[in-house]
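The values are calculated or read from the model by the stated rules, or taken from the named source; none is laboratory data. This one's a predicted model, so the numbers in the text were calculated from it and none came from an experiment. All Cβ positions, glycine included, derive from the backbone under ideal geometry; neighbour counts span all protein chains shown. Quick note on the areas: whole protein, heavy atoms, side chains included, nothing else; ligands and nucleic acids left out. Shrake-Rupley method; radii C 1.70, N 1.55, O 1.52, S 1.80 Å.
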Amino acid sequence: MQHTVWGWVFLCLWLAACATSPTGRSQLVLMPEDQLVQMGWQAFEQIKQKEPVETDPAVNAYVRCVVDALTRDLGGQWDVVVFRSDQVNAFALPGGHIGVYTGLLRVAENQHQLAAVIGHEIGHVLARHSNERMSQQFAVQQGLSLIQAIANPGSATGQLAMAALGLGAQVGILLPYSRIQESEADLIGLELMARAGFDPREAVALWRNMDRAGKAAPPEWLSTHPSHETRIREIEAYLPRVMPLYQQARAQGRNPRCRPPARR
């Protein structure tokens, strides 16, 4: 009886937490947004304490120019910090915190390619992917706990079953959802850069650069990200959808002129 009651409670929580992403996809969102904003701020402060901050005015002005163009229509405050590191990476956190590593500037060859990366990261924030990932983790853990309570975890068979269920949840639920979120962030990022006047076709060139600069990756079904080949193929399929937004932006005079710093 107790298991049935908890099952109904969990089902009610699940239904109450259904949300819709900017692309129209159904989401499970359990965390209060203000809590995610606080966590985003705390994480950003920790990163700033650990990573050296780039002080070159030209580098900072370049990244800030791209971010300003991308966020012009979004409103809110977007806190941008460039970190001096060889990492080929960038991130955005709930609450509007954006970090860009200088290693990315050697792979993103122009303002359009940098906008593709930063737009993608902003897309994660707009689609509340952090909230969704945490909610999915919670849901899977609760589901496995219910199964464990019903089964006999003390037996060798029960322990193997629980291990298999845990791996099954990771590969069958959490990893595919992560790849869905990455693809969704790509689409949102393409729309953001197109509306800002950045050429979305450069996103294809960016990911080819990423492929050349990257290391050997695990099979896609064991990865949280789509393969570079899959990503390029999806971006090329999105282009007919976003190119009219780019052409409209250029017709409206949106023509960002973010000057990259001299290569060092």
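Miscellaneous remarks
- Selected residue (criterion: modelled with the highest pLDDT) from residues of region 126-138 that are open to solvent by 30 Å² or more (accessible area, probe 1.4 Å) and under 10 Å from the mean Cα position of the chain (by Cα): 126
- Residues in region 85-100 that are under 14 Å from residue 54 (Cα atoms) and part of a loop (DSSP other than H, G, I, E, B): 85, 86, 87.
- Some residue of region 194-213 being buried (at least 16 other Cβ atoms within 10 Å of the Cβ), within 25 Å of residue 20 (Cα to Cα), at pLDDT below 65 and not polar (S, T, N, Q): no
- Among the residues of region 75-104, those that are of a type outside the set (Val, Ile, Thr), within 21 Å of residue 128 (Cα to Cα) and either open to solvent by less than 10 Å² (accessible area, probe 1.4 Å) or touching a residue at least 60 places away in the same chain (Cβ under 8 Å) (or both) comprise 90, 94, 96, 99.
- Any hit, region 105-118, residues being on the phi < 0 side of the Ramachandran plot, surrounded by fewer than 19 Cβ atoms within 10 Å (Cβ to Cβ), at pLDDT 95 or above and of a type outside the set (A, V, I, L, M): yes
- Counted residues, region 62-74 - those being in contact (Cβ under 8 Å) with a residue 24 or more places away in the chain, farther than 18 Å from residue 109 by Cβ and either open to solvent by 20 Å² or more (accessible area, probe 1.4 Å) or part of a loop (DSSP other than H, G, I, E, B) (or both): 3
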